[in-house]
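A quick write-up on the structure given underneath.
The values are calculated or read from the model by the stated rules, or taken from the named source; none is laboratory data. Values in this document were obtained by computation on a predicted structure and should not be read as measured data. When we count neighbours, we look across all protein chains shown, and the Cβ atoms used for this are built from the backbone with ideal geometry, even at glycine. Side chains included, ligands, DNA and RNA excluded: accessible areas come from the protein's heavy atoms. Shrake-Rupley method; radii C 1.70, N 1.55, O 1.52, S 1.80 Å.
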Amino acid sequence: MTRELDLVVFGATGFTGRLVAEYLAGAAGRESVRWAIAGRNRDKLDALGLGVPVIVADALDPPAMQALARRTAVVCTTTGPFARYGNALVAACADAGTHYCDLTGEVPWMRRMIDAHHARARETGARIVHTCGFDSIPSDLGCWAAQQAFIAQFGAPARTVTAVFGEQSGGFSGGTAASAFDLAREAEADPAVRALIANPYALDPDPAGPHALAPDAAGIAWQPTLKMFTVPFVMAQVNTRVVRRGHALAGAPWGAEFTYREVMSTPGSLRGAAMALAITGGVAALGFAMNHASLRNRLARRAPQPGEGPSAAVRARGHWIVRLVAEGGGETLVYTASDRADPGYGSTAKMLGEAALCLARDPLRSPGGVLTPSVAMAAPLVDRLRRAGLTFAVA
Ligand SMILES: NC(=O)c1ccc[n+]([C@@H]2O[C@H](COP(=O)([O-])OP(=O)(O)OC[C@H]3O[C@@H](n4cnc5c(N)ncnc54)[C@H](OP(=O)(O)O)[C@@H]3O)[C@@H](O)[C@H]2O)c1
């Protein structure tokens, strides 16, 4: 593909976009990638002082998105909430054969993008890859890598993988809050959206088709391999859908009965049991508030606003770990993905930045379509993330 640019970061003036652009200022330079930053406000883009070309384009202007998509081989975007700002860019990239990666965790919007653009992207060869941040790379690439390790060790894939999200520290930003509030409003207004969000196979090629039973985790449980308590994980309703889509798109290599689950852990002590109770209560209270307009509006007023996010000090103290317990044929393997950076921003900037570079630079064999990170990039992206400081390894 011969294009004027290899890569454009769209939304570089936002809280997360700035971190991604700063990450690429180092990483893209080392790989001689021709890249640019884009957004709707030239003064804000110039003020970033990154010394790369600046493109001014509004996400709500389809011809501007088409022009942007034709100039570059890859677009990497942090312009969210994506259901508000993302439609024209995905359409333009699918049409122009331009690879695309983003940070959305908005399942109903991803479903609409799959239905509208998967077939066209397959024709043009555009790899459209949502969820290239903390949602859902540790889950999707972690499950894929755990299965490769399980197959290498035991000669066959695991029948179940349970991702257990462990100790983590970080914060959240205005765009993340806005995306969550938009999604809650959309679900409140439309029963079909509520049904889609509750469907464990919401992102599968055929969400209504026959599938292995995969209910979302409910309540407090005990994880015998890790000897830890587990509680429902707030992002499971996004991540599990992405992993299942990836398995379906790959042709179900781990079998029609393969199941993937996601939970969060607390220590296997009395203190851990108390934490599990507190988290379960807190998550239930948050869910209740998000489903009631007056409480939701009060939360929205106190949440970070667009452009705001966790301080440098909070980010510097950040870390996360997920332990993936793979089981099958009487064997068990524990695989770990982790980083010593805050999940949603420091680590996400590496994940999205490396996904964009992987799409731009690495010889990938995946076809076009609305893919998941593991289907689009798999081993080359795991290698890149290891070089960026993340751990992907058998525990
Ligand atoms: N998956 C993950 O792990 C993860 C982690 C972090 C963030 N996220 C997601 O990333 C998204 C961004 O979050 P954030 O906190 O960085 O948001 P933010 O600070 O509010 O940034 C939003 C960006 O979108 C731009 N924008 C808004 N409307 C636009 C338009 N019409 N045309 C062009 N650009 C427009 C803004 O430009 P201006 O500066 O000109 O206003 C800004 O650059 C959210 O959807 C969030 O959920 C996901």
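Looking only at residues of segment 376-389 that are assigned to a helix (DSSP H, G or I) and either of a type outside the set (Gly, Ala, Ser) or within 14 Å of the ligand (Cβ to nearest atom) (or both), we find that the one that is surrounded by the most Cβ atoms within 10 Å (Cβ to Cβ) is 381.
Candidates in segment 90-109 are the residues that are closer than 13 Å to residue 75 by Cα and within 16 Å of the ligand (Cβ to nearest atom); of these, the one that is farthest from the chain's Cα centre (by Cα) is 92.
Counting only helices (runs of 4 or more DSSP H) that sit wholly inside segment 288-372, those with at least 3 residues that are in contact (Cβ under 8 Å) with a residue 40 or more places away in the chain and either more than 22 Å from the chain's Cα centre (by Cα) or crowded, with 24+ Cβ neighbours inside 10 Å (or both) are 293-302, 348-361.
Conditions (1) on the phi > 0 side of the Ramachandran plot; (2) under 14 Å from the mean Cα position of the chain (by Cα), marked per residue:
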position	(1), (2)
85	no, no
111	no, no
120	no, no
130	no, yes
149	no, no
155	yes, no
162	no, no
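Pairs meeting the criteria (first residue in segment 169-180 and more than 6 Å from the ligand (Cβ to nearest atom), second residue open to solvent by 40 Å² or more (accessible area, probe 1.4 Å) and part of a strand (DSSP E or B), beta carbons under 8 Å, at least 6 apart or on different chains) are 169/319.
Counting residues in segment 331-349 that are in contact with a Pro (Cβ under 7 Å, 6 or more places away or on another chain) and within 12 Å of the ligand (Cβ to nearest atom) gives one or more. The single condition among (1) away from the ligand (no atom under 13 Å from the Cβ); (2) within 30 Å of residue 37 (Cα to Cα) that residue 373 does not meet is (1).
Working carefully through the options 165, 154, 150, find the one that is away from the ligand (no atom under 16 Å from the Cβ), open to solvent by less than 10 Å² (accessible area, probe 1.4 Å) and of a type in the set (Phe, Trp, Tyr). Talk me through it step by step, then tell me what you get.
On the way: 165 fails: away from the ligand (no atom under 16 Å from the Cβ); 154 fails: open to solvent by less than 10 Å² (accessible area, probe 1.4 Å).
Going through 165, 154, 150 in turn, just one is away from the ligand (no atom under 16 Å from the Cβ), open to solvent by less than 10 Å² (accessible area, probe 1.4 Å) and of a type in the set (Phe, Trp, Tyr): 150.
Please work out if residue 197 is in a helix (DSSP H, G or I) and among the β-branched types (Val, Ile, Thr). Here the answer is yes, as residue 197 does meet what is asked.
Show me the strands (runs of 3 or more DSSP E) found entirely inside segment 1-69 where at least 2 residues are open to solvent by less than 30 Å² (accessible area, probe 1.4 Å), out of contact with any Ser or Thr (no Cβ under 7 Å at 6 or more places or on another chain) and within 12 Å of the ligand (Cβ to nearest atom).
Working: elements: 5-10, 35-39, 54-56.
The strands (runs of 3 or more DSSP E) meeting that bar are 35-39.
All of 46, 135, 115 fail the test of being free of Cβ contacts under 8 Å to residues at least 24 places away in the same chain and within 26 Å of residue 249 (Cα to Cα), apart from 115.
Each residue in segment 321-371 was checked for being farther than 29 Å from residue 114 by Cβ and out of contact with any strand residue (DSSP E or B) (no Cβ under 9 Å at 6 or more places or on another chain), and 3 pass. Filtering segment 70-79 down to residues that are under 15 Å from residue 355 (Cα atoms) and not aliphatic (A, V, I, L, M), which residue is most open to solvent (accessible area, probe 1.4 Å)? This residue is 78. Suppose the filter is open to solvent by 40 Å² or more (accessible area, probe 1.4 Å), outside any strand (DSSP E or B), more than 17 Å from residue 351 (Cα to Cα) and of a type outside the set (Ser, Thr, Tyr); does residue 84 pass it? Judged against the criteria, residue 84 is a match. Among the residues of segment 251-272, just one is aliphatic (A, V, I, L, M) and surrounded by 24 or more Cβ atoms within 10 Å (Cβ to Cβ), namely 264. Taking every residue in segment 193-220 that is among the polar types (S, T, N, Q) and pairing it with any residue that is part of a loop (DSSP other than H, G, I, E, B) and open to solvent by less than 70 Å² (accessible area, probe 1.4 Å), at least 6 positions away or on another chain, the pairs with Cβ-Cβ distances below 6 Å are 199/207. Answer yes or no: is there a residue in segment 228-250 that is of a type outside the set (A, V, I, L, M) and surrounded by fewer than 16 Cβ atoms within 10 Å (Cβ to Cβ). No, segment 228-250 has no match at all.
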